[in-house]
Amino acid sequence: QVQLVESGGGLVQAGGSLRLSCAASGDTECISAMGWYRQAPGKERELVATITSGGSTNYADSLKGRFTISRDNAKNTVYLQMNSLKPEDTAVYYCAAGSVPSVIQSDYDYWGQGTQVTVSS
């Protein structure tokens, strides 16, 4: 089993920045890919970004250039740097971990509890 704990969410004004962190514990040796997904009110959960243990990344097209995913394998931690935030970025952000590199949600075996990001206009 793997446990994921997110941190770093909060309230920020439009144009501001936030950095989310997700620390994995437990059977971390089985983790290959980690990622961030988000779910806005009334919408389905969607891809934000994923990263493999080797550092290969994938981003939602709409977020390229503003969001950056990174990973510290030694700390079993993945980060999401979010810049130039917009009100439409308001959502619950979930950390995910899985044993295969993928952008498909169902391929991720473990999920965090989510952290709220609210961007005010």
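The values are calculated or read from the model by the stated rules, or taken from the named source; none is laboratory data. Remember, it's a predicted structure, so these values are computed and weren't measured experimentally. Neighbour counts run over all protein chains shown; Cβ positions are idealised from the backbone, glycine included. Side chains are part of the model used for accessible areas, which takes the heavy atoms of the whole protein and leaves out ligands, DNA and RNA. Shrake-Rupley method; radii C 1.70, N 1.55, O 1.52, S 1.80 Å.
Selection within the stretch 13-29: residues that are assigned to a strand (DSSP E or B) and under 16 Å from THR68 (Cβ atoms). The member of this set that is most open to solvent (accessible area, probe 1.4 Å) is ARG19. Number of residues in the stretch 41-61 that are in a loop (DSSP other than H, G, I, E, B) and surrounded by 14 or more Cβ atoms within 10 Å (Cβ to Cβ): the value is 2.
Filter the stretch 65-88 down to residues that are within 28 Å of VAL12 (Cα to Cα), free of Cβ contacts under 8 Å to residues at least 40 places away in the same chain and of a type outside the set (A, V, I, L, M), then give me how many there are. So the count comes out to 7.
Being modelled with pLDDT of 95 or more and in a helix (DSSP H, G or I): is that true of GLU6 here? For GLU6, the condition - modelled with pLDDT of 95 or more and in a helix (DSSP H, G or I) - is not met.
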